[in-house]
Amino acid sequence: MLDLSPFGIKVEDVRRNVVPAVLYEDALRNEPTAAIAHSGALAITSGEKTGRSPHDKRIVKASPSDTDIWWGAVNLPIDQHTFEINRERARDYLNTRDRLYVVDGYAGWNSQYQIKVRVICERAYHALFMHNMLIRVSDEELDHYGDPDYVIYNAGMFPANRHTTYMSSKTSIDLSFEDQQMVILGTEYAGEMKKGIFTIMNYIMPRQGVLSMHCSANQGVQGDVSLFFGLSGTGKTTLSADPARALIGDDEHCWADDGIFNIEGGCYAKVIHLSATREPEIYKVIRFGTVLENVILDPDTHTVDYSDTTLTENTRACFPIDYVDHVQIPCRSGHPSNIIFLTFDAFGIFPPVARLTPAQAMYHFISGYTAKVAGTEVGVDEPVATFSACFGAAFLVWHPSKYSQLLAEKMEQHNVNVWLINTGIVGDGSERIKLRHTRAIIDAIHRGVLLDVPTVTEPIFKLSIPTTCPGIPETLLFPEKSWSDLGAYHETAHRLSTLFADNFAQYAHRCSDEVQSADPLYHADLAIPSNRSHLTKRQDVTVGHSSN
């Protein structure tokens, strides 16, 4: 039992840090969509919302944090009074429940930077989700846990009042850095809690000189560490789950003076089209204790059809990180040797692998490029570029320059190699590069094979392409050779370079001349102008929000 009266809640049946078996029982008893999958995982739906609601996220604009925050499309303001109205609405609703769940845990595997998080929720599904995603607290630690640093009130089954000031819908996710609290109304999607904690860490870590990063990480047998940055669908989770290397984490990390550490205690992997042959490491962890979100079960056998997108393409599995066979516990390590930027280039211009200079690394980090392929969404009939600063704009709190400066300093200090990997389309075909080819490239990077290979500089983005790579056909390394129409290649490449330059224009004034020089149109213009309408007809650009 736990007294929640200091948090405005007087429900007597409060179930704190209960074990997964009890949460299974409660979910099956009280939640109509809960079922046990054939593998033993808990299959359940998240309600109307099957993904995050970035346009409904608000941060309280109050002193002293207001001068730090990158206000705009990503960080929308709310005033203290409205935050208190929504918090009271959440408390009032939670007080009507027969039972509540509390999950107390940690964020951050480095005890020097660790924060204590308390989640108050009504769904057993949400409690199991956060049991997996937070760093779990031992019974002894729980006895001396004390007051949390941050509290999440998850009243997602109750809507916000759309007539309240600042509300754009019946969904509202509100965060106060001064009160150190978060309120969720009008969405039951569990990922809002996970990404809310990441947003918190994205604010408090840079204040201490620690770089927070939207990336996965793994470690080789010699202790070498690689970081994988990438937006949703680029292969971040898949490629970091390597049987020859220990997984440190699949999504959120920090880089401090003594090395890197995972923020989370679990993983949240996409399972659309999952198979045992393509992604065996992920397939094996879907067992008792894992939450399967929004998947479709066979009504008789309870086997999962991972290709069924009836509810959403954003089907997910949430599991404790120690379910992975090869994992580094505690989830922290030394400084990285390699940083790998993953992009799905649907235009067919980027090579499968290129080595970046420090200036190019900063440019591509700030750009955070990937692309939507034609046919993936209604109305998308040609490739659409998506840019998300620092490969995670939706979760940034400071201006992107804050994170890029910290990354530049740490890269220089630790002499890190940086690579750009295209996991999308190479050349003018329509098929994605084979996963085995990408894995061969990653393996060559880890073995140091590509460091001494001669390179060729491609003409548009000035990327240095290795001339050979074990297991990769030479023609595949150079996209230009894969195009049947050379004129079409140059036209498409220049169009893509213009999209990059258009996006980068909003950040250029806060970047050094060296970083600006990595822009593909810099030398043509001799500067990055604020208005690029004179270049070419502007194409669709999304300054985006990763769905992770």
- May I ask you to list the residues in region 282-326 that are in contact (Cβ under 8 Å) with a residue 12 or more places away in the chain, open to solvent by 40 Å² or more (accessible area, probe 1.4 Å) and under 26 Å from Q219 (Cα atoms)? K284, R287, Y323, D325, H326
- Query: So W70 fits all but one of (1) in contact with a strand residue (DSSP E or B) (Cβ under 6 Å, 6 or more places away or on another chain); (2) within 23 Å of S232 (Cα to Cα); (3) of a type outside the set (S, T, N, Q); what number is the exception?
  - Reply: (1)
- Item | Residues of region 119-135 classified as open to solvent by 10 Å² or more (accessible area, probe 1.4 Å) and either polar (S, T, N, Q) or more than 21 Å from the chain's Cα centre (by Cα) (or both), total | 2
- Message: Just to be sure I understand, how many residues within region 425-477 are hydroxyl-bearing (S, T, Y) and out of contact with any Leu (no Cβ under 8 Å at 6 or more places or on another chain)?
- Response: 3
- Taking region 415-432 and keeping only residues that are open to solvent by 20 Å² or more (accessible area, probe 1.4 Å) and more than 17 Å from R355 (Cα to Cα), one is left with D428, G429, S430, E431, R432
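Can you list the strands (runs of 3 or more DSSP E) found entirely within region 229-346 that contain at least 3 residues being under 25 Å from M201 (Cα atoms), in contact with a Gly (Cβ under 6 Å, 6 or more places away or on another chain) and of a type in the set (D, E, K, R)?
none
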- Just a yes or no: is a residue in region 196-209 open to solvent by 30 Å² or more (accessible area, probe 1.4 Å), touching a strand residue (DSSP E or B) at 6+ places or on another chain (Cβ under 8 Å) and aromatic (F, W, Y)? no
- Task: Identify the residue in region 388-406 that is out of contact with any helix residue (DSSP H, G or I) (no Cβ under 6 Å at 6 or more places or on another chain) and part of a helix (DSSP H, G or I) and, among all such residues, is most open to solvent (accessible area, probe 1.4 Å).
- Result: Q405
- Out of the residues in region 472-507 that are out of contact with any Pro (no Cβ under 8 Å at 6 or more places or on another chain) and closer than 11 Å to V426 by Cα, state the one that is modelled with the highest pLDDT. W483
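Would you mind listing the strands (runs of 3 or more DSSP E) fully within region 1-97 where at least 1 residues are in contact with a Leu (Cβ under 8 Å, 6 or more places away or on another chain)? Let's see the steps before the verdict.
Details: elements: 13-16, 42-44, 57-60, 76-78.
Filter on region 1-97 gives 13-16, 42-44, 57-60.
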- Task: Report whether or not I197 is hydrophobic (A, V, I, L, M, F, W, C) and farther than 21 Å from L406 by Cα.
- Result: no
- Task: Filter region 136-168 down to residues that are open to solvent by less than 10 Å² (accessible area, probe 1.4 Å), within 20 Å of P320 (Cβ to Cβ) and in a loop (DSSP other than H, G, I, E, B), then give me how many there are.
- Result: 1
- Would you check which residues across region 49-63 are touching a Phe, Trp or Tyr at 6+ places or on another chain (Cβ under 9 Å) and either more than 27 Å from W398 (Cβ to Cβ) or open to solvent by 30 Å² or more (accessible area, probe 1.4 Å) (or both) and list them? K49, T50, R52, K61
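Evaluate the following for G186: is it within 21 Å of K236 (Cα to Cα) and open to solvent by less than 50 Å² (accessible area, probe 1.4 Å)?
no
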- Message: Criterion first (in contact (Cβ under 8 Å) with a residue 60 or more places away in the chain, farther than 26 Å from Y268 by Cβ, of a type in the set (D, E) and open to solvent by 30 Å² or more (accessible area, probe 1.4 Å)) does E88 satisfy it?
- Response: yes
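The values are calculated or read from the model by the stated rules, or taken from the named source; none is laboratory data. Keep in mind that what you see is a predicted model, and the values were worked out from it rather than measured. As a convention, Cβ positions derive from the backbone with ideal geometry for all residues, glycine included, and neighbour counts pool all protein chains shown. When the accessible area is computed, the model is the full protein with side chains, heavy atoms only, and any ligands, DNA or RNA have been set aside. Shrake-Rupley method; radii C 1.70, N 1.55, O 1.52, S 1.80 Å.
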